[in-house]
1. With every protein chain left in place and a probe of 1.4 Å, what is the accessible surface of residue 125, to the nearest 10 Å²?
2. Determine the per residue accessible area of the stretch 20-69 with all protein chains present and a 1.4 angstrom probe, expressed in square angstrom.
3. Which chymotrypsin sites (Phe, Trp or Tyr not before Pro) from the stretch 1-77 combine a DSSP loop assignment with at most 14 other Cβ atoms within 10 Å?
4. Can you classify the stretch 1-70 as rounded, prolate or oblate using the Cα gyration tensor, where a ≥ b ≥ c are the square roots of its eigenvalues, rounded means a/c under 1.5, and otherwise it's prolate if a/b beats b/c and oblate if not?
5. I'd like the accessible area for residue 113, computed on protein heavy atoms only with a 1.4 Å probe and all protein chains in place. Round to 10 Å², please.
6. Using the Cβ atoms and a cut-off under 11 Å, what net charge is assigned to the surroundings of residue 17, where Lys and Arg are +1 and Asp and Glu are -1?
7. Which sequence of 119, 12, 107 reflects their accessible areas, 1.4 Å probe, from the largest down?
Amino acid sequence: MPRKPHSVDWHIGGRVRARRTQLNMTQRELGNALGVSLQQVQKYERGTNRISAGLLPALAEALNVGLNYFYHGIHYDRELEGSVSEEPTPILLSKDGLRFAQAFEQIADPRLRRRLLSILKFLEDEN
């Protein structure tokens, strides 16, 4: 029976994926920077393989973040026998949120940006 990723490994992997995507870095490029294979990066991002404490500083350097970046949003709860709870992932760290932000940045006309925001506000109000 395959091991289910621990919630911390899954969370850290998601943060790695979000930051790598934000930097427009491929999994292969990140793997090369860390000296690991593309497949290993994929496993890290899915939380299937744990990122060792020794690799974490190199990962932070490759992604240009501090070590605390990977743990943001995780809360350890002793009363629940060490379970980990997470805050919801901010939308800009989600795959869709990153794609939206990148596309929005490509719109040079400020009037068009404001119109797009008006449409989003309208859709929010309709929801």
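1. 100 Å²
2. 57 Å²
3. Taking the stretch 1-77 and a limit of 14 other Cβ atoms within 10 Å, no loop chymotrypsin sites (Phe, Trp or Tyr not before Pro) are found.
4. Prolate, because a/c is 1.5 or more and a/b exceeds b/c.
5. 70 Å²
6. Numbers: positive: 15, 19, 20, 46, 95; negative: 45.
For residues surrounding residue 17, the net value is +4.
7. Per-residue accessible area, sorted high to low, gives 119, 107, 12.
The values are calculated or read from the model by the stated rules, or taken from the named source; none is laboratory data. Source: prediction; values computed, not measured. For neighbour counting, all protein chains shown are included, and Cβ atoms are generated from backbone atoms with ideal geometry for every residue, glycine included. For accessibility, only protein heavy atoms count, side chains too; no ligands or nucleic acids. Shrake-Rupley method; radii C 1.70, N 1.55, O 1.52, S 1.80 Å.
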